[in-house]
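The structure under discussion appears below in the form of structure tokens.
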């Protein structure tokens, strides 16, 4: 399937794309449009674009919406959703210490990557590492 | 030139090779050996030891090895000094709260070490992460000026 989101990806879209490839659609193809660009490519599944089904919901990140919509029940993924919430969406309290570092590593990866697709691939390595760290830690 | 440190790298021993390769010796070759062999292998091979007990490029007076290398080689690029604060917080557990970015770097570094048990593979994949962090640091200090 083709998945579409806004270009210049950051922490939430990197997380979503990683999840899509890992658990939802291993042969996913990603395309990018400028912010606000309409219409979206026909037949493509949009994500992390304001107003679409797979986007922010009730103050939570798009990654969190993916977990709900695809019924993915994994405490580690839910923890990652909370970290991405803090990194991507303004929260009332900071309880996830990894959030600021994750946020700017992802921003930096976009700046050092030649294009959005490369940034998603590099971001996926970071999320694989984060998942491994959380899976090994006793307090998920 | 050859450089040598303890095997099973985590934060400082990934950050230091990145620093050495990008700023000091772009043809650097790294050797990773058990802690007990760092001194003897350094003598045999002429490799420069870092982040090992008792060496000049190690932890001194509260500095982590990344900071000791910056000091020794007179590196003063402001973005790099910003990165040094992050590496320090991620590497020195009691200073973890000294920088807001440190905890995330430490968590992700732990994950990379779990996923890439061979130090050479771990280094190769994490250099991209340090390039990214450094890019952000340069942008950040440029905004503060």
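The values are calculated or read from the model by the stated rules, or taken from the named source; none is laboratory data. Quick caveat: nothing in here was measured; it's all calculated off a predicted structure. As a convention, Cβ positions derive from the backbone with ideal geometry for all residues, glycine included, and neighbour counts pool all protein chains shown.
Looking at the structure I just gave you, is residue B:127 modelled with pLDDT of 95 or more, closer than 13 Å to residue B:10 by Cβ and part of a helix (DSSP H, G or I)?
Against the criterion (modelled with pLDDT of 95 or more, closer than 13 Å to residue B:10 by Cβ and part of a helix (DSSP H, G or I)), residue B:127 does not qualify.
Here is a yes/no grid of residues against (1) assigned to a helix (DSSP H, G or I); (2) more than 8 Å from chain B (Cβ to nearest Cβ); (3) touching a helix residue (DSSP H, G or I) at 6+ places or on another chain (Cβ under 8 Å):
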position: A:41; (1), (2), (3): no, yes, no
position: A:78; (1), (2), (3): yes, yes, yes
position: A:84; (1), (2), (3): yes, yes, yes
position: A:91; (1), (2), (3): no, yes, yes
position: A:95; (1), (2), (3): no, yes, yes
position: A:121; (1), (2), (3): yes, yes, no
position: A:131; (1), (2), (3): yes, no, yes
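Rundown of residues vs (1) touching a residue at least 24 places away in the same chain (Cβ under 8 Å); (2) closer than 27 Å to residue B:133 by Cβ; (3) surrounded by fewer than 17 Cβ atoms within 10 Å (Cβ to Cβ), yes/no style:
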residue: A:46; (1), (2), (3): yes, no, no
residue: A:60; (1), (2), (3): yes, yes, no
residue: A:63; (1), (2), (3): yes, yes, no
residue: A:73; (1), (2), (3): no, no, yes
residue: A:96; (1), (2), (3): no, yes, no
residue: A:104; (1), (2), (3): no, yes, no
residue: A:118; (1), (2), (3): no, yes, yes
residue: A:133; (1), (2), (3): no, yes, no
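Counting only residues that are under 22 Å from residue B:139 (Cα atoms) and in contact (Cβ under 8 Å) with a residue 12 or more places away in the chain, which one in region B:50-76 is surrounded by the most Cβ atoms within 10 Å (Cβ to Cβ)?
Restricting to residues being under 22 Å from residue B:139 (Cα atoms) and in contact (Cβ under 8 Å) with a residue 12 or more places away in the chain, the top hit is B:66.
When you check residue B:70 against the structure, is it within 25 Å of residue A:104 (Cβ to Cβ), in a helix (DSSP H, G or I) and more than 14 Å from chain A (Cβ to nearest Cβ), yes or no?
yes
Residue by residue through region B:89-108, note down the ones that are more than 8 Å from chain A (Cβ to nearest Cβ) and closer than 11 Å to residue A:130 by Cβ.
Hits for region B:89-108: nothing passes.
Would you call residue B:46 on the phi > 0 side of the Ramachandran plot and out of contact with any helix residue (DSSP H, G or I) (no Cβ under 9 Å at 6 or more places or on another chain)?
It is true that residue B:46 is on the phi > 0 side of the Ramachandran plot and out of contact with any helix residue (DSSP H, G or I) (no Cβ under 9 Å at 6 or more places or on another chain).
So which residues in region A:97-119 are under 13 Å from residue A:11 (Cβ atoms) and outside any helix (DSSP H, G or I), if there are any at all?
Across region A:97-119, the qualifying residue is only A:98.
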